[in-house]
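> Structure below; questions to follow.
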Ligand SMILES: [Fe+2]
């Protein structure tokens, strides 16, 4: 009988998140927020939602954003920090596209989301051919690869054991909070529930690109059955 009265949905404020491990708030460097005023509004929304640390992860993708290097992002971030006074702790890392040849980079140069952890991604349209080599290279450098939003790689929905393989190789996974609401479709939900049930997500990120994007995360509910796992990951 009790299950009849148990709430079927839950909300962002029940998770207990304090750190955003993935967002595009550094203005005008990628497809994220394009002006400082909007970024400041989002930071304010984040503070009110309970965040205390924001890890900025601009795209590193030579094809789409060739100007983004570790040095140029450090410079942009320093200027940004001087102009975006905030009570939040603001940090800089990166979201690295795994392209052919990425595995040959000096992994020690990559910007890390926390000590030893490197956020990497693939295209939403097709898998990276050199993903496993990239994972090996990062591990060989003494670092751990964290795969961004695996639930958005819909081409793996019919071969979920690909995630077993990536996990066995030593990769960790970062969940996009908007995915919880099912906005990326049933295949995304299938992947999300698979990885969540396995307990393989280690990081929660907003992947915020706009004011609207973050408000959607805070305002819309998701299935209550996700909550215990999310609470276990949240920090
Ligand atoms: Fe991202």
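The values are calculated or read from the model by the stated rules, or taken from the named source; none is laboratory data. What you are looking at is a predicted structure, and each value in this text was computed from that prediction instead of being measured. So basically every Cβ, Gly included, is an ideal-geometry build from the backbone, and we count neighbours across all protein chains shown.
> Are any residues in the stretch 114-136 in a helix (DSSP H, G or I) and buried (at least 19 other Cβ atoms within 10 Å of the Cβ), and if so, which ones? Even if it seems obvious, please write down each step before you answer.
Restricting attention to the stretch 114-136, the residues satisfying the condition of being in a helix (DSSP H, G or I) are 131-136.
Across the stretch 114-136, the qualifying residues are 131, 134, 135.
> Here is a follow-up. Based on what the data block shows, is residue 165 assigned to a helix (DSSP H, G or I) and more than 16 Å from the ligand (Cβ to nearest atom)?
Numbers: assigned to a helix (DSSP H, G or I): yes; more than 16 Å from the ligand (Cβ to nearest atom): yes.
It is true that residue 165 is assigned to a helix (DSSP H, G or I) and more than 16 Å from the ligand (Cβ to nearest atom).
Results for (1) within 15 Å of the ligand (Cβ to nearest atom); (2) more than 27 Å from residue 10 (Cβ to Cβ); (3) in contact (Cβ under 8 Å) with a residue 24 or more places away in the chain, shown as yes or no for each residue.
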| site | (1), (2), (3) |
| --- | --- |
| 130 | no, yes, yes |
| 133 | no, yes, yes |
| 141 | no, yes, yes |
| 144 | no, yes, yes |
| 147 | yes, no, yes |
| 157 | no, no, yes |
| 176 | yes, no, yes |
| 194 | no, no, yes |
| 204 | yes, no, yes |
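> Considering each residue of the stretch 79-113, count those that are exposed (fewer than 15 other Cβ atoms within 10 Å of the Cβ) and under 29 Å from residue 37 (Cβ atoms), and give that number.
Residues of the stretch 79-113 that are exposed (fewer than 15 other Cβ atoms within 10 Å of the Cβ), as a first pass: 79, 82-83, 85-87, 89, 100-101, 104, 106, 108-109.
Keeping just the survivors that are under 29 Å from residue 37 (Cβ atoms) gives 79, 82-83, 85-87, 89.
Number of matching residues: 7.
> Of everything in the stretch 1-54, what is within 15 Å of the chain's Cα centre (by Cα), within 16 Å of the ligand (Cβ to nearest atom) and touching a residue at least 60 places away in the same chain (Cβ under 8 Å)? Give them in sequence order.
19, 20, 21, 22, 23, 24, 25, 26, 31, 32, listed by residue number.
> Scan the stretch 71-110 for residues that are in a loop (DSSP other than H, G, I, E, B), within 15 Å of residue 57 (Cβ to Cβ) and out of contact with any helix residue (DSSP H, G or I) (no Cβ under 6 Å at 6 or more places or on another chain) and jot them down.
Of everything in the stretch 71-110, those that are in a loop (DSSP other than H, G, I, E, B), within 15 Å of residue 57 (Cβ to Cβ) and out of contact with any helix residue (DSSP H, G or I) (no Cβ under 6 Å at 6 or more places or on another chain) turn out to be 93, 94, 110.
> Additional query: Among the listed residues 166, 177, which satisfies the condition of being farther than 19 Å from residue 125 by Cβ and modelled with pLDDT of 95 or more?
Exactly one residue qualifies, and that residue is 177.
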